[in-house]
Structures are given as structure tokens and as C-alpha cells.
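The values are calculated or read from the model by the stated rules, or taken from the named source; none is laboratory data. Predicted model only: the values in this text are computed from it and were never measured. When we count neighbours, we look across all protein chains shown, and the Cβ atoms used for this are built from the backbone with ideal geometry, even at glycine.
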């Protein structure tokens, strides 16, 4: 049980590993007073809140609020786990940690991605959402915590990042600066789905989100159902999921009483249930300054930060809205390991500390303490090819669109004409799906390392189309949005498509010290960007449609943004395939109304054709925001 809890706390990446924990905790004890409150909301529910107030009374201090569904009591011991960063803690703020409604020691009923109630009418006692709960908490704390300067900041990573972004609509006037970090924007495109495809690798985490406690508790009430998965080691996650068969078997064997799982089963399409949980339409008239933070290799929440930033930009011209994207996985910017790596790739030293000191700390100091520091750049983005930070005045950048096309011999052409006569085929077999990692991985809560993983194993498979350029004669940068415009056909009546942008290293690339000896970087095929797409949703995510067998069909597949320079001597590669297991659930390739209820007999092989008129575009203005 203790091992499982440790895995959980690591996987959600909202509690950050402390460095010099004993020293830091002693510093907090010597410099802060701790008080616990149960703050009443407008409907009478009380939210459990832990407040650390600086002992220094020489000036008044602003608040920094973190609202979490992952147990505020983790911070009830003067060891704040460097959360927020050590820099912010030592800069001195009134630090506030709060259990959101219905979680741990807070009263009320919790729901995933609480729908926003427009208007935030204080007089309407029943109209509660995350914005109103944040408003009520801020208002109470301003009146009841002494020595504050009347200004609030809010921050959070992952789900707490969503709670930060959800405070922006109809925000309390005292809320001056908000930093949603790895925020969820929409569960049909973040975390649990990708372009309508279900993220099967998350199946084992549903216990965290699909049960409510009988009463307020400091304990992890969901641990007993989680032991169905983790009662014994499962060393090969691919084999476990393959043997499980269709998703309906998870319903029967693991999740029959899990309400979050039932919501997925009952709502396989982007219907009003999911639509009302989409935060993007509510990000209008945003008053606080915002600093959106994400990681280019965040397997959980890459859609969220990019689209929250773009939505605020679109609807709030002239506002103080900035974005930071670094070479990180989920939440990695909140900890420092010295060497900054993601999976097998080394990016530099102390990148997280640089961000904390030079971007995050000045942001809050500027808007909460009136510090004389310059405003952050509009976009501080890490180029994952040059391995250097870049500042951009607008994102995506205004540049000529790059076009990648496919030619005979599996050649990838840069800004060349399409070969309309060419076509490329593969047989997709759900019984033998393409693995999503190069290594055998144990069953885990959430996948992480594959976002920059080696694709050599995939490129050798006959069910993966692989196109690559000749070695580049000069550095070549791809920046902005990516749109894969594919013309395809299938012998089946449904299909998924995975599109991957890959950096192929030269054979003489040196190995990295942090890797085990078996990881050879010469010829490494580094995944740079990828996306899964359930093609039944090609015309509408709300109303899926079957394919007509063997009929050429146009697809427009948006990938998330990229900033990557392919170095001289490297190659650019594109891969296309139709399974990516068990990250993405298997499509039966025979159209069924609800894949969560598909039978084993529904799954069939299909021959997939990709026509040479297809192209990959990289630039600006290629995506339409779903807001």
C-alpha cells in the first residue's frame, strides 16, 4: 500500500520532490506561522484551507493560492515540498493550500472538471463552480488574515493548473496574477482523450477520479479499489492490456462501480456532457495577468497550456498574457535535478531553476509586490533542437508555412510538390498493435517518457509508414502549429491515425552520460511531436460517422505546436500508423456505436492506404480553436 501511494504521489506530479528537505522545512518553521481554517462558501460548504503567514511584520504580504484535489494536508507539516518553488517561498508570500470542494477535508460534492457557471452571482447560493469557490475563498481570506496587502496570486500544476485557469472567468478583483501550469482545458482533448481516441494507458488511474469519500478525510479513500490493479506487480503493461481484450472487460473486471469510468462509457462522443466541461469558451474578459506554463514533452497536458494561452490571446487583446514552454515532462519545471533530461535526451543544466528565478518569481513579484521588474516576454519557448531558450513577441510566429510531402521510395520532401499518383499501404491488425514505447514498461499510472522516445522499433514494422528526408545540409527550424492533411482509404469502416514528427540523429551522435549503456544515440529517432486521431470524428466530434470502405477520404489532423531545429546532418522523419498501444485504445476498425462496449469479434484487420496527395503543414493559423 505504501508503495502504491508513493507511485500515486509521483505520478500526479503536483507534490514536488524536495531538495535539502530538512533544511528547507526548518527555514519555513523559522519564518512562517501556520493556521488552518475551514472557509465557508456561499452555499454553506466549508473548504479546508492551510495558511502559512510570514512572521516578518515589517510589511504587508500578498497571497499565493494553490487549490488542489490532491490533498492540501500534504503541506500541513512545514515541509512545503518546494511547492511553490524555493525562490517564491523565500521571497515571502502568504501561502495558501486548499482542498477543493468534496476532496479530502473539504465539504461538498466533487466533480471532474467542474462546469463553469457564467456570471458568478454572489447572491445565487446554489450557482457554485471553481470560480465562485475561489472568489469566496479570496474574499474571506482578505478579511480574516492579517497583514495582507490586498493582492492575490494563484498557481498550480495539472489539475491544480485547471483550478487556477478556472478562477479566471469572473475573477475576484483582488486576483492579480494567475499561473496555470500544465492546466487541463478539456478532457476530450487533454489527459483522457486525444482527438476523440481514448487514452487506455490511464485505465489504472480511474480510481483516483471515480470515487468520492463518505465524509471528509485526510486519507486516500480510493486506495482499496486501486489495489485491483496494483495488488501485485505487473512488469509488462503492453502484455497486460493486450490480454485484457476490449475495453468492456475493464468495465466488468475493474470499474463497474467507478462513476468516472461510467461517464466515459456513457459519453463516447463529444456531447454536451463533455462540452460543458470545456473551459475555453469561458476565458473572456480575463482581468488578471496570466503566465501559462507547459512542457513540450508533457504526455498529459500539452493541449491545455497551448490552447488556454491562445484563447486568452484571442478574446483579451491588450491583456498581460504570457506563455512558457520548456523541455519538460509533466510538472518537471517545479523540481531541479541538475541535469535537465527527458527520457534519453539531455537538454542542459538547471533549466528549471533558471525558469523559476528568471520568469516565475519576477512574474509574481511584478504583479503582487509592484516590484520594478520588466514584464515577461510574450513567449519564452525552449527550442528542443538547438537546446536554447527563445523569446517571441507573438506565438505562433509569423513565418512562411512549411510543407512536408511524401514521394516514392518513402522519401519526405520539404516544400516540394505532392505526388498525387503515389500511394502507400499497410495492414493494421488490432491483435498485434504498434507499441508506444521502445522499452518494456510496467503498468503505470500515466505514461511519461515516450514523448521523446526512440522510434527505431516502430520504423522497422510493416504496419508503420515511414518517410524521411536526406541528411540536412543546414539547420532547419520547424515552428508553430502542425496540421496533417491526409487523404486515406481503408478496407474497414473505422480507423485511427497516429502522425509523428521525428528527428533522426546522425550515426556519429555521441551517447549521453545519464543513459544506460544499451541506449545508443547514433541513429536515434527522437519523437518530437505526435498526435492520435479517431477518424470517425473527422467531420464532427459530436456526431461520428463510419467510413465507406475503400473510398478516398480527407482528414485534417491537428498536432500540438512545435519549436524544434533539425540540425545539419540530421533527417526529418514522419511516421503514420493506426495503432499505438496501450497508450491509445484499439479501434475495432469495424464501425460500432460505442467502442467502450465493443466485443472481441468486432476487431478486424484492415488495409490502410495513404495517398501521395497528403501533406504536413507547419506554420501559423492552421488550427481552429474549439472555444
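Taken over the stretch 532-583, the criterion of being free of Cβ contacts under 8 Å to residues at least 60 places away in the same chain and closer than 21 Å to residue 620 by Cα is satisfied by no residue.
Those helices (runs of 4 or more DSSP H) of the stretch 264-363 in which 2 or more residues are more than 19 Å from the chain's Cα centre (by Cα) and outside the structural domain of residue 192 (by TED's automatic domain parsing) occupy 303-315, 351-355.
Would it be correct to say that residue 377 is at pLDDT below 95 and under 25 Å from residue 290 (Cα atoms)? Taking the combined requirement at face value, the residue satisfies it. Reported count of residues in the stretch 128-146, each being in a loop (DSSP other than H, G, I, E, B) and surrounded by fewer than 16 Cβ atoms within 10 Å (Cβ to Cβ), is 1. Taking residue 67, is it more than 19 Å from residue 178 (Cβ to Cβ), buried (at least 16 other Cβ atoms within 10 Å of the Cβ) and under 23 Å from the mean Cα position of the chain (by Cα)? No. Only one entry of 591, 583 meets the criterion of being modelled with pLDDT of 95 or more and surrounded by fewer than 22 Cβ atoms within 10 Å (Cβ to Cβ), and that entry is 591. Between 488, 499, the distinction of being buried (at least 22 other Cβ atoms within 10 Å of the Cβ), within 25 Å of residue 328 (Cα to Cα) and assigned by TED's automatic domain parsing to the domain that holds residue 410 belongs to 499 only.
Checking the stated criteria, residue 234 turns out not to satisfy the condition of being part of a helix (DSSP H, G or I), in contact with a helix residue (DSSP H, G or I) (Cβ under 9 Å, 6 or more places away or on another chain) and modelled with pLDDT under 95.
No other residue among 400, 425, 441 is buried (at least 16 other Cβ atoms within 10 Å of the Cβ) and in contact (Cβ under 8 Å) with a residue 24 or more places away in the chain apart from 441.
Residue 193 falls short on exactly one of the conditions (1) without any contact (Cβ under 8 Å) to a residue 12 or more places away in the chain; (2) surrounded by fewer than 21 Cβ atoms within 10 Å (Cβ to Cβ), and that condition is (2). Just a yes or no: is a residue in the stretch 211-218 touching a helix residue (DSSP H, G or I) at 6+ places or on another chain (Cβ under 7 Å), more than 26 Å from residue 581 (Cβ to Cβ) and either in the same structural domain as residue 164 (by TED's automatic domain parsing) or free of Cβ contacts under 8 Å to residues at least 60 places away in the same chain (or both)? Yes, the stretch 211-218 has at least one match. If you go through the stretch 97-125 and pick out every residue that is touching a strand residue (DSSP E or B) at 6+ places or on another chain (Cβ under 6 Å) and either modelled with pLDDT under 95 or not in a loop (DSSP other than H, G, I, E, B) (or both), you end up with 3.
Residues checked against (1) under 21 Å from residue 111 (Cβ atoms); (2) at pLDDT below 95; (3) not assigned by TED's automatic domain parsing to the domain that holds residue 579:
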site: 224; (1), (2), (3): no, yes, no
site: 229; (1), (2), (3): no, yes, no
site: 244; (1), (2), (3): no, no, no
site: 249; (1), (2), (3): no, no, no
site: 255; (1), (2), (3): yes, no, no
site: 261; (1), (2), (3): yes, no, no
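Residues in the stretch 211-221 that are surrounded by 16 or more Cβ atoms within 10 Å (Cβ to Cβ) and more than 13 Å from residue 102 (Cβ to Cβ): 220 only. Annotation note: Cβ proximity below 6 Å between a residue of the stretch 308-325 that is more than 16 Å from residue 166 (Cα to Cα) and a residue that is modelled with pLDDT under 95 (sequence gap 6+ or interchain) occurs for 322/376. Answer yes or no: is there a residue in the stretch 4-26 that is surrounded by 14 or more Cβ atoms within 10 Å (Cβ to Cβ), modelled with pLDDT under 50 and touching a strand residue (DSSP E or B) at 6+ places or on another chain (Cβ under 7 Å). Yes, some residue in the stretch 4-26 is surrounded by 14 or more Cβ atoms within 10 Å (Cβ to Cβ), modelled with pLDDT under 50 and touching a strand residue (DSSP E or B) at 6+ places or on another chain (Cβ under 7 Å). Residues that are assigned to a strand (DSSP E or B) and within 12 Å of the chain's Cα centre (by Cα) within the stretch 176-196 comprise 180, 181, 193, 194, listed in sequence order.
Of all positions in the stretch 546-565, at least one carries a residue that is touching a helix residue (DSSP H, G or I) at 6+ places or on another chain (Cβ under 8 Å), surrounded by fewer than 17 Cβ atoms within 10 Å (Cβ to Cβ), within 24 Å of residue 246 (Cα to Cα) and assigned by TED's automatic domain parsing to the domain that holds residue 195.
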